[in-house]
């Protein structure tokens, strides 16, 4: 089977490509390397069943050519920085909504049978209760979340109108090797540059669940294999959740900097920035019913990520 992975040089996308290539699928990676890196997949490029195409999927004509003779598209290309949308919302409109429309239209005209879409827990916004089930209202509070919700609606329309099988996966905070955005990465970079203090956005009481990227990829493939309805929405997250203060403590433990002064900078009701939410964790009963479950809890996923990033980035702490 021929498979395309948009954003396949990015964080989750590259780990998905690793697994697909290992399983013997023929994989074509489409990426403009704006947030991904060729370093993430260079170890695969000598293999016969993978091809890398440098392409901006906002270029519809180029995308149409790339999607010829393909059955399945894993659409993971997006701008992942939630905070960007506060100051430059057009980025998420173009990189997420326009790009997704192009993928759908090129898929429709090119005969693609199914699309697996990387959505986000951010579509739920500030949830009333956690864990949040798939039936909960979609009320995003960031332009990033709104862009993902818009993409979901486009996918639903194409599924109904054109019979395209669409699988929407709402990921929680996915972490692990190659991570280059988010709270863990940001705090480690700050610590490496620190002069004895660590600034943390928010009051530290923000609640999140963290899922290791290997578990996220296995959940993705489980959903692809076993969720056979024409249109499916699934939460992909962990069974537990921890606070940002917990994340800070894990990082300080793993770096050996337990005595550093931590300064919390809350905004509004304790969030870190406009578009941030105080609490988010996902109900994962649906994906569990398909035979998947996470192998690491949130604490272990964060700790493993910290150790991996210290090695990858060659970080030194004084």
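The values are calculated or read from the model by the stated rules, or taken from the named source; none is laboratory data. Computed from a predicted structure; not experimentally measured. FYI the Cβ positions are ideal-geometry reconstructions off the backbone, even for glycines, and counts take in every protein chain you see.
Here are the numbers:
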{"item": "Residues that are surrounded by fewer than 23 Cβ atoms within 10 Å (Cβ to Cβ) and in contact with a helix residue (DSSP H, G or I) (Cβ under 6 Å, 6 or more places away or on another chain), drawn from region 22-39", "result": "none"}
{"item": "Enumeration of residues in region 285-313 that are free of Cβ contacts under 8 Å to residues at least 12 places away in the same chain and either in contact with a strand residue (DSSP E or B) (Cβ under 8 Å, 6 or more places away or on another chain) or more than 16 Å from residue 131 (Cβ to Cβ) (or both)", "result": "311"}
{"item": "Flag for residue 107 being crowded, with 23+ Cβ neighbours inside 10 Å and in contact (Cβ under 8 Å) with a residue 60 or more places away in the chain", "result": "no"}
{"item": "Out of 21, 82, 29, 17, sole residue that is in the same structural domain as residue 140 (by TED's automatic domain parsing), under 15 Å from the mean Cα position of the chain (by Cα), within 23 Å of residue 308 (Cβ to Cβ) and not in a loop (DSSP other than H, G, I, E, B)", "result": "17"}
{"item": "Selection status of residue 142, modelled with pLDDT of 95 or more and either crowded, with 19+ Cβ neighbours inside 10 Å or touching a strand residue (DSSP E or B) at 6+ places or on another chain (Cβ under 7 Å) (or both)", "result": "no"}
{"item": "Sole exception among (1) surrounded by fewer than 16 Cβ atoms within 10 Å (Cβ to Cβ); (2) within 19 Å of residue 106 (Cβ to Cβ); (3) free of Cβ contacts under 8 Å to residues at least 40 places away in the same chain for residue 42, by number", "result": "(2)"}
{"item": "Yes/no for residue 164 being at pLDDT 95 or above and more than 16 Å from the chain's Cα centre (by Cα)", "result": "yes"}
{"item": "Some residue of region 62-76 being surrounded by 14 or more Cβ atoms within 10 Å (Cβ to Cβ), more than 15 Å from residue 115 (Cβ to Cβ), out of contact with any helix residue (DSSP H, G or I) (no Cβ under 7 Å at 6 or more places or on another chain) and assigned by TED's automatic domain parsing to the domain that holds residue 106", "result": "yes"}
{"item": "Those residues of region 282-291 which are under 18 Å from the mean Cα position of the chain (by Cα) and part of a loop (DSSP other than H, G, I, E, B), in sequence order", "result": "283, 284"}
